[in-house]
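Here the structure comes first, spelled out in structure tokens, and everything after it is commentary.
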Amino acid sequence: MKRLLVICIIALISGNTATLIALTTNLPQGVSQGLLLGGVSITLLSIGGILWTGYYTKKR
């Protein structure tokens with residue numbers, strides 16, 4: 001479970017980084033929208049993974 005938690009935290013950091021890059025740089029519109037969508041999706045999935053890991057370890 002620790003390994004999954006570490007992967008989720010790394011994904012959270014990379015999703016936030018992609019979102020910040022999409023919002024603060026002058027990239028073409030398609031690239032910016034793709035980065036924004038991907039960054040937000042990765043962030044939400046990693047938050048879900050962190051919450052699921054915490055729930056699963058407490059229940060166990």
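The values are calculated or read from the model by the stated rules, or taken from the named source; none is laboratory data. Remember, predicted model here, so these are calculated numbers, not experimental data. Note: accessible area is taken over every heavy atom of the protein model, side chains too, but ligands, DNA and RNA are not part of it. Shrake-Rupley method; radii C 1.70, N 1.55, O 1.52, S 1.80 Å.
Structure data summary
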read-out: Folded to 0 to 90 degrees: helix 29-59 orientation relative to the chain principal axis, Cα; value: 10 degrees
read-out: Of all accessible heavy-atom area on the chain, the percent that carbon and sulfur account for (1.4 Å); value: 71 percent
read-out: Karplus-derived 3J(HN,Hα), 6.51/-1.76/1.60, for each residue of the range 12-21, Hz, glycine and proline x; value: 4, 5, 5, x, 5, 5, 4, 5, 5, 4
read-out: Relative contact order of the chain, pairs being alpha-carbon contacts under 8 Å that are 6 or more residues apart, as %; value: 46 percent
read-out: Solvent-accessible area per residue, Å², over the chain with all protein chains present [probe radius 1.4 Å]; value: 77 Å²
read-out: The range 1-59, Cα convex hull volume normalised per residue, Å³; value: 52 Å³
read-out: MRE, 222 nm, helices only [DSSP H, n ≥ 4, -39500 (n - 2.57), over the chain, to nearest 500]; value: -32000 deg cm²/dmol
